[in-house]
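The next block holds one structure in the form of structure tokens; read it before the comments.
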Ligand SMILES: [Ca+2]
Ligand SMILES: [Ca+2]
């Protein structure tokens, strides 16, 4: 066994880790829901807030204690990433009262609720933009909303002509009907404060997932970070302990820099997708050694911030495709297990718990949740060209203890029982080509996590002393066997993961 240098670092500088959510316990197992495709309460074929509310027992039973809703504000698009009113709920999803009811129902279950906040751009249908265009066409250049956007007479790469005028507007997500906002405008900043106050105080959500944070000021990381600090400070003043997580779709170094903003966390994009840490390590010739290298790089780059690892979201291919799991569900299970070993807040995209498949065009990744027992999913989003359901629906998987759903449920509950897995200071005790013994330390307590990366062979892992089995995950090959006397070695089945603590 090679000793990792990281265990030395771990021993020398164990810092107390302060959870990011100040009020109450931190929420560590997050579930991303596309309301449009989740659960329909009124029979119109589209998901809605009341439908989601009817599934909160399911979400809670799966061990999720945080919920991220993709945009719920009025918008002309099906995905709603182009907002036309920041102070309401899209009528397809329900009403503000439904949202307040959902907030209360989540709170009663101990589930934190955050919503997508899209501030880089609005819809072209937003009244601010409509007023600005009308004024430009009439030559009223002092109309205040013109300064909410970036209008120019110079055509350029990301500038789109305004019909009937010689003006152009900035649009970073070109062709989407999404004009970029001028986030320096003081009146707009005041509006943004009002938006945060409305959702945090009046509606009562627990925070935001901040969309496209590197596009606020494209190519200007320092200004993006400063704007994020403004958002975090504003949210903190309005509602201490509110949770803000940012979409910084960049490499590890850039993500680490963005933690300077004071935001609670950033999605760890390098862990996700087919080339990410998890899927790439599973394909590697020396999977454990490869994974440990990734872990140590991440922990060095972001030594104090809490990570937000995920495997897939609404913009990426689903996990089944990332790990060739269609004929080998144990690969999908192990990928979820491995992800959680990064530590931090894990985010699971709806439908991953049943192994839904979808890649390529965005709508393929956003199909209706399959509840099963003969219930049809919600209507497919416009533009679907693929995606399917390789495994049974949620109700069938709930009844099968060997299902993918039950693996994720066990994983989430293990993290809830042992928050040290998510929030502890991480380290690597030892590793071989295909086994690893990881460590977590929090408030003077220590646990070890033993992992067998082999897909076919059982492996033995030497233990540093007598330990007790605290929990284990069975990917389909059985549970680990604890040796007599508890001093090791521990025998792990293929893809086995065991958590061990002091005897
Ligand atoms: Ca509906
Ligand atoms: Ca922008």
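So here's what we get for this one:
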| item | result |
| --- | --- |
| Relative contact order (percent, whole number), the chain, Cα cutoff 8 Å, 6+ residue spacing | 14 percent |
| Label point distance in nm, residue 399-residue 324, each placed 7 Å from Cα along Cα→Cβ | 3.4 nm |
| 19 Å cut-off, amide nitrogen to a point 7 angstrom out along residue 108 Cα→Cβ, residues in the range 186-223 | 203-206 |
| Among beta bridges that DSSP assigns inside the chain, antiparallel share in %, nearest 5 | 60 percent |
| Calculated FRET efficiency for the pair residue 254/residue 202, C-beta based, R₀ 25 Å, to 0.05 | 0.15 |
| For the range 98-159, average projected area of the Cα convex hull in nm² | 6.5 nm² |
| Cα→Cβ-extended label distance, 7 Å offset, between residue 230 and residue 101, nm | 3.7 nm |
| Tail fraction, Cα-Cα pairs, the range 167-231, threshold 14 Å, whole percent | 66 percent |
| Spin-label model distance (nm) - residue 218 vs residue 153, 7 Å beyond Cα toward Cβ | 2.3 nm |
| FRET E, pair residue 138, residue 388, Förster distance 60 Å, beta-carbon r, rounded to 0.05 | 0.70 |
| Gyration tensor (Cα) of the chain, equivalent ellipsoid semi-axes in angstrom | 41, 25, 20 |
| Gained length - residue 275 relative to residue 297, 0.36 nm times residue gap less alpha-carbon distance | 6.3 nm |
| The range 127-170 - Rg (one decimal) and Dmax (whole number), Cα, Å | 9.5, 26 |
| Protection proxy ranking, peptides 354-363, 191-200, average beta carbon neighbours within 10 Å, highest first | 354-363, 191-200 |
| Relative contact order for the range 359-488, counting Cα pairs under 8 Å that sit 6 or more residues apart, in percent | 14 percent |
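Since every read-out is calculated from the coordinates, none of them should be taken as a lab result. Just so you know, these numbers come straight off a predicted model, no measurement behind them. We place every Cβ from the backbone using ideal geometry, glycine too, and count neighbours over all the protein chains shown.
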